[in-house]
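Only one structure is covered here, and it is reproduced in the block below.
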Amino acid sequence: MNLKQTITEIVDKHLPDESHFVVDVLISPGGPKQKLSVLIDADGGLKIDTCARVSRAVGEELEAKELIENAYVLEVSSPGIDHPLTSLRQYRKNIGRSLKITLEEGGHLEGQLVSADSSSITLKVKQKEKGKKATEQEMPIALEQIKKSIVLVSFK
């Protein structure tokens, strides 16, 4: 098992309940101070107190097991809006929100996320034809066709 998998299992063990989940563990290359960024989320929203508790527990376990030889900085936070969606659970959490999708073939789509299942998502996309009023159309997109998905922020 590699370091990323080991840290992911440690983090998962210290999450408060089943509504919380690990999004990603990012490990910077070695150097004088290695950086470990642990991204967690929750179905109902993540509280800063939870990040602090998980950070303390994970830090203590990493030190006790001596998994990292050099000095390091541990950061536990939510992924933030600029971090791409990577799991089905994140897609489901964001149903009703607008997404910008980059497709593997190179195109882009923007629309409201309507549904998500284990193989695809459905976006409500506005179609504008010249001289006609824009219409909305639901468009299924297979997950393997998606290169990157970002939640769009609305200030309306």
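All of the numbers you see were taken from the coordinates with simple rules; none came from a lab. Everything numeric in this text was worked out from a predicted model, so none of it was measured. Heads up, the Cβs are rebuilt from the backbone with ideal geometry, glycines too, and the neighbour counts pull from every protein chain shown.
Side notes on the structure shown:
- Dividing the helix sum by the residues of the chain, where each DSSP H run of 4 or more adds -39500 (n - 2.57), gives a mean residue ellipticity at 222 nm of -7000 deg cm²/dmol.
- With all projection directions averaged, the alpha carbon convex hull of the chain covers 12.0 nm².
- Antiparallel DSSP beta bridges within the chain, percent to nearest 5: 85 percent
- Contour excess over end-to-end distance, with Cα ends at L143 and R89 and 0.36 nm allotted per residue: 18.2 nm
- Within the shell defined by Cβ-Cβ distances under 12 Å, the residues around D82 carry a net charge of +2, with Lys and Arg each +1 and Asp and Glu each -1.
- Most fluctuating residue given options S19, S37, S55, as computed from a GNM of the chain linking Cα atoms under 10 Å: S19
- Once the chain from E105 to L26 is taken as fully extended at 0.36 nm per residue, the excess over their C-alpha distance is 25.8 nm.
- Highest GNM mean-square fluctuation among E75, E18, E138, for the chain modelled with Cα contacts below 10 Å: E18.
- Per residue convex hull volume, Cα atoms of region 88-151, in Å³: 76 Å³
- Relative to the dominant Cα principal axis of the chain, helix 48-65 is inclined by about 40°.
- Ranked list, fewest to most other Cβ atoms within 10 Å of each Cβ, for V23, V153: V153, V23
- A crude spin-label estimate for the pair K13 and E129, with each label 7 Å from Cα along the Cβ direction, gives 6.0 nm.
- For V23, nonlocal amide neighbours, meaning residues 5 or more places apart or on other chains whose placed amide H falls under 5 Å from its own, are L39, I40, D41.
- Sites I150 and A71, calculated FRET efficiency, Cβ-Cβ separation with R0 35 Å, nearest 0.05: 0.60
- Remark on L123: its backbone amide H falls under 5 Å from those of V114, M139, I141, a criterion applied only to residues 5 or more positions apart or on other chains, H modelled at 1.01 Å from N.
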